[in-house]
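*Asks:* Can you keep this structure in mind? I'll have questions shortly.
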Amino acid sequence: MKTSQIIISLVLLTLLIAVNQFPMTSAGKFGGLSVIGWASIGVFLVGVGFVVAASDIARTFRFLTRKDAVNLPPPVRVLSPAELEELEIKTYKGPDYPHPVIFTERCIGCHACVDACPHDVLAIVDGRAAVIAADQCMEDTSCQVVCPVNPKACIVINTAKKIRSQPAPTRDAATYMTNVPGCYIIGDVSGVPLIKNAVKEGAEVIEQIAAEAAKTAPEPKAEYDVAVIGIGPGGASAVLTAHEKNLRYVGIEQEQILSTIASYPKGKYIFFKPDSTDWQGGLKVAGLGLVKGKYDDDGAANPVNNAFDDALGEEFNKLGKSQAAVLLSEMSNEIPAKLHAEIAPPLEEKTTGEIKRLFKDYLEEKAQSRSISTADGWRELFKNHFAALAKPEQDTILKVMRHEIAASLQRKIPGDQRERILSFWLGRLEEKGISINEQESCKSVKKADDGNYFVIKTEQGSAKTSKTYNARFVVLAIGLRGSPNKLRVPNEETIQITLNGQPENKVLYSLSNPDAYKGRHVVIVGGGNSAVEAAVDLVAKRDGATIVPRPPDQTNKVTLLVRSYIATNVKFGNKLQLYQCLDDGLLDVQFGVGIKELREREVVIMNAKTNAVTATIPNDYVFALIGGERPDKFLESIGITISKS
Ligand SMILES: Cc1cc2nc3c(=O)[nH]c(=O)nc-3n(C[C@H](O)[C@H](O)[C@H](O)COP(=O)(O)OP(=O)(O)OC[C@H]3O[C@@H](n4cnc5c(N)ncnc54)[C@H](O)[C@@H]3O)c2cc1C
Ligand SMILES: NC(=O)c1ccc[n+]([C@@H]2O[C@H](COP(=O)([O-])OP(=O)(O)OC[C@H]3O[C@@H](n4cnc5c(N)ncnc54)[C@H](OP(=O)(O)O)[C@@H]3O)[C@@H](O)[C@H]2O)c1
Ligand code: SF4
Ligand code: SF4
């Protein structure tokens, strides 16, 4: 009962008691009231009851509420019927609290959601994201925000939160030109972090620039038509297209060509999404679907039966080998020469399988529904409809089959392994004679005061030699990784270590292949996920959530230096593994310290607050894994506006 209803009841009760205090003066009265009086009270009570009930109903169903006065909370995001259909379920049976749902068909296994989630709700399982601890979800929605595919593969449901979008620089969707005329932006940095998209935009932006350059008067002060800043997949595709179009170009890369791909974990399978986007630009083909793996549905549709194989298996093995060689030369435009030796064996295997299948279809057609169950039957068909034919006729049949095999290989490409893609694309750039200024960082891009061109200033190599280029157009393809933060120790960028007679940089800013380090004294600086993971990886091997110490001849002497505390965004799983390594004596962690001095085979450690020296330890490599800066400031310095929502 509500307070108002209790008050009304009490008032009526008090009234009743009060009127009953009057003596009965005449017949026809009950207590202090006449029949009419009692009837009036009865009608009044029923009326009040009716009003209260009606008001309750109206409130419940909002009949009487003015539309503009409705202040409902935002609706909770649940899966739509189309999404349920895509997930191949009729109703979703997950928990009713907020948590992410993964659409595995769309997921490219890029790790972004896993990295973004501070609560270890997600993990990569079989190359795709998976929800492994929905009950740990704290609804901050970062996993959905960072998911790069469109539509998103990671969707947070049962949440009423408005999910923000990532900041993105202003650019024209059709031409990729920013709000600074003549300056274009492509790839990750424009807001869509997908390789296929970056490659496509790299080719398209140069088409735009070539058309624009043809329309405008030449600029004698600009020695280049276009400067491409950043040579990831987007920039590489742009320079290849500029080369094809005979534009004068300069490519500037602060690390090495395709460094983002090179920094993926060793052996990572790279997906090429979205399927709806066609390849465009000079980097278009890689892998050819030749990598054996679970995404390869090779041959499942039309298995070759035993009688066929017994009869013609040997014949087709020979044919497969010869046709693979022809196929390789026919596809030489798409396969760099230096990969031929590596690609030949899997191509031969694939071609043999495909040739068998195609011949089976061809001979079955020739048999005109006659069922062939014996090896002799197959042999006879092959003899009559292929072996007995003249060479030009045989060649025509094989050519059609090769064409079909090449098309099916390319249709099947879901991606390939990091190593093969790197080798393929670097081979393509080398073959075309593309030259890139590596280890050169672009520091500023300014419109010239005395003409229609840009002045691009860079710093080259560890000596930071200043260089200036004048270009009519600029393409920014700088990705989103930003520049790694530096330790700010005086000789950080120049100091080298000589191991096995080879001088190498002593201070490194990423660790992509822990197996490359064995028996080394390593110092890692940082208290975030990158530093913690690197420290663990250099002394142990991960096997899912558990870790196994490296054998003595493969481990390293690792010291993790944390200037304050382990960062709050470090994943629970990473913390556990770090503590386990500590407990097992596999590594050393020092808090409240930093590096004071770098020497070739030592580092001097200091108290981070007082700068007092605390220790000097033997050391080969230093990994400075201390975060990085988004490139927004750089873009804003050029005059490009960034939308933040
Ligand atoms: C672990 C991981 C896995 C991924 N998996 C996939 C996947 O399976 N499929 C997929 O499609 N995508 C994947 N991605 C995303 C993909 O890597 C990016 O979308 C792609 O690299 C974008 O290409 P880009 O050319 O725009 O930028 P980037 O590849 O980032 O290249 C930018 C380049 O610019 C350089 N640069 C930056 N600033 C400057 C400067 N001031 N001067 C000179 N050079 C500069 C950088 O050093 C870098 O080499 C993954 C990403 C990560 C991190
Ligand atoms: N598996 C994963 O999920 C995974 C793996 C790697 C990275 N990531 C994500 O990628 C992003 C970057 O990660 P990150 O670890 O490279 O960086 P980060 O999360 O930004 O952490 C940087 C760490 O470096 C320290 N630091 C900064 N400047 C320093 C300096 N000059 N000297 C000494 N220490 C310094 C910081 O200390 P203070 O705290 O004192 O500032 C902090 O501990 C994060 O979002 C991270 O979660 C995720
Ligand atoms: S990022 Fe946030 S919303 Fe996404 S799974 Fe992790 S805790 Fe949940
Ligand atoms: S961010 Fe999206 S595409 Fe990347 S792993 Fe997660 S769900 Fe898959």
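*Asks:* By counting other Cβ atoms within 10 Å of each Cβ, how are Phe454, Phe271, Phe473 ranked from fewest to most?
*Replies:* Result, fewest neighbours first: Phe271, Phe454, Phe473.
*Asks:* In nanometres, what is the gap between the two model label sites at Glu431 and Val52, each 7 Å from Cα along Cα-to-Cβ?
*Replies:* Output for this residue pair reads 8.7 nm.
*Asks:* While we're on this one: Distance cut-off 20 Å, Cα to Cα: go down the list Lys541/Lys571; Lys518/Lys575; Lys446/Lys467; Lys447/Lys633; Lys200/Lys338; Lys200/Lys446 and report the pairs above it.
*Replies:* Going by Cα-Cα distance, Lys518/Lys575; Lys200/Lys338; Lys200/Lys446 fall outside the 20 Å limit.
*Asks:* Ala540's amide H: which non-local residues (gap 5+, or another chain) put their own amide H closer than 5 Å, with H modeled 1.01 Å from N in plane and none for Pro or chain starts?
*Replies:* Arg550
*Asks:* Hey, fewest Cβ within 10 Å first, where do Trp425, Trp38 land in order?
*Replies:* In increasing order of surrounding Cβ atoms, one gets Trp38, Trp425.
*Asks:* For region 574-579, just list the computed ³J(HN,Hα) in residue order, Karplus coefficients 6.51, -1.76 and 1.60, θ = phi - 60°, integers in Hz, with x standing in for Gly and Pro.
*Replies:* Whole-Hz 3J(HN,Hα) from phi for region 574-579: 5, 4, 4, 5, 5, 5.
*Asks:* Would you compute, from DSSP H runs of 4+ residues alone, the mean residue ellipticity of the chain at 222 nm, taking -39500 (n - 2.57) per run and dividing by the full residue count, rounded to the nearest 500?
*Replies:* Value at 222 nm, helices only: -11000 deg cm²/dmol.
*Asks:* So if we plug the beta-carbon distance of Thr498 and Ser444 into 1/(1 + (r/R0)^6) with R0 = 35 Å, what FRET efficiency do we get, rounded to 0.05?
*Replies:* After rounding to 0.05, the efficiency reads 0.50.
*Asks:* Using the count of nearby Cβ atoms within 10 Å as a rough guide to exposure, how do Arg520, Arg542 rank from fewest to most?
*Replies:* Arg542, Arg520
*Asks:* I'd like the FRET efficiency for Asp172 and Ser332, computed as 1/(1 + (r/R0)^6) with the beta carbon distance as r and R0 of 41 Å, rounded to 0.05.
*Replies:* 0.60
*Asks:* Right, something else. List the residues whose amide H sits under 5 Å from the amide H of Val589, counting only those 5 or more places along or on another chain, with H placed 1.01 Å from N in the peptide plane.
*Replies:* Leu560
*Asks:* Against the longest alpha carbon principal axis of the chain, how many degrees, from 0 to 90 and to the nearest 10, is the axis of helix 35-61 turned?
*Replies:* Taking Cα atoms only, the helix is inclined about 10 degrees.
*Asks:* Within the set of other residues whose C-beta is less than 15 Å from the C-beta of Thr610, count the net charge using Lys and Arg as +1 and Asp and Glu as -1.
*Replies:* Here the charged neighbours net out to +3.
*Asks:* Quick one: which residues, 5 or more positions from Ala608 or on another chain, have an amide H under 5 Å from its amide H? H modelled 1.01 Å from N in the peptide plane, none for Pro or chain starts.
*Replies:* Result for Ala608 returns Val593, Gly594.
*Asks:* Given 0.36 nm per residue, what is the gain on full extension from Asp361 to Met138 after removing their alpha carbon distance, in nm?
*Replies:* 74.7 nm
*Asks:* Further question: How big is the gap, in Å, between the Cα center of region 155-178 and the Cα center of region 427-477?
*Replies:* Cα centroid of region 155-178 versus Cα centroid of region 427-477: 29 Å apart.
*Asks:* Expressed as a rounded percentage, what relative contact order does the chain have, with Cα pairs under 8 Å and six or more residues apart?
*Replies:* Result for the chain is 13 percent.
*Asks:* Using the Cα centre of the chain as the reference point, and only Cβ charges (+1 on K/R, -1 on D/E), how large is the resulting charge dipole? Debye, rounded to the nearest 20.
*Replies:* Result for the chain is approximately 1940 debye, rounded to the nearest 20.
*Asks:* Another question, if that's okay. Pairing rule first: another cysteine's C-beta must sit under 4.7 Å. Under that rule, which cysteines of the chain stay single?
*Replies:* Cys107, Cys110, Cys117, Cys137, Cys183, Cys442, Cys581
*Asks:* So, one more: Can you tell me the length gained on complete extension of the stretch Lys215 to Ile8, counting 0.36 nm per residue apart and subtracting the Cα distance?
*Replies:* Taking 0.36 nm per residue and subtracting the Cα distance, the gain is 66.0 nm.
*Asks:* So what are the ³J(HN,Hα) numbers for region 207-224, from phi and the Karplus equation (6.51, -1.76, 1.60; θ = phi - 60°), rounded to whole Hz, Gly and Pro as x?
*Replies:* 3J(HN,Hα) across region 207-224, in whole Hz: 4, 4, 5, 4, 5, 5, 4, 5, 7, 9, 5, x, 10, x, 7, 9, 7, 10.
*Asks:* A follow-up question, please. Out of every Cα pair in the chain, what percent are spaced more than 49 Å from each other?
*Replies:* Value for the chain: 35 percent of Cα pairs lie more than 49 Å apart.
*Asks:* What's the extension gain from Ala344 to Asn150 if we count 0.36 nm per residue and subtract their Cα-Cα distance?
*Replies:* 66.3 nm
*Asks:* Can you give the net charge of the other residues whose Cβ lies under 9 Å from the Cβ of Ala210, counting K and R as +1 and D and E as -1?
*Replies:* Result for the neighbourhood of Ala210: -2.
*Asks:* While we're on this one: State the antiparallel share, in %, of DSSP beta bridges confined to the chain, rounding to the nearest 5.
*Replies:* 65
*Asks:* I would also like to ask the following. For region 605-619, just list the computed ³J(HN,Hα) in residue order, Karplus coefficients 6.51, -1.76 and 1.60, θ = phi - 60°, integers in Hz, with x standing in for Gly and Pro.
*Replies:* So the Karplus estimates, Gly and Pro as x, are 9, 10, 5, 5, 8, 9, 6, 6, 5, 10, 6, 10, 10, x, 7 Hz.
*Asks:* As an exercise, use a Förster radius of 56 Å and the Cβ-Cβ distance of Thr465 and Val400 to find the FRET efficiency, rounded to the nearest 0.05.
*Replies:* E(calc), rounded to 0.05, equals 0.45.
Every number here is computed from the coordinates shown, using simple stated rules; none is lab data. Because the structure is predicted, anything quoted here is derived from the model rather than measured. Neighbour counts run over all protein chains shown; Cβ positions are idealised from the backbone, glycine included.
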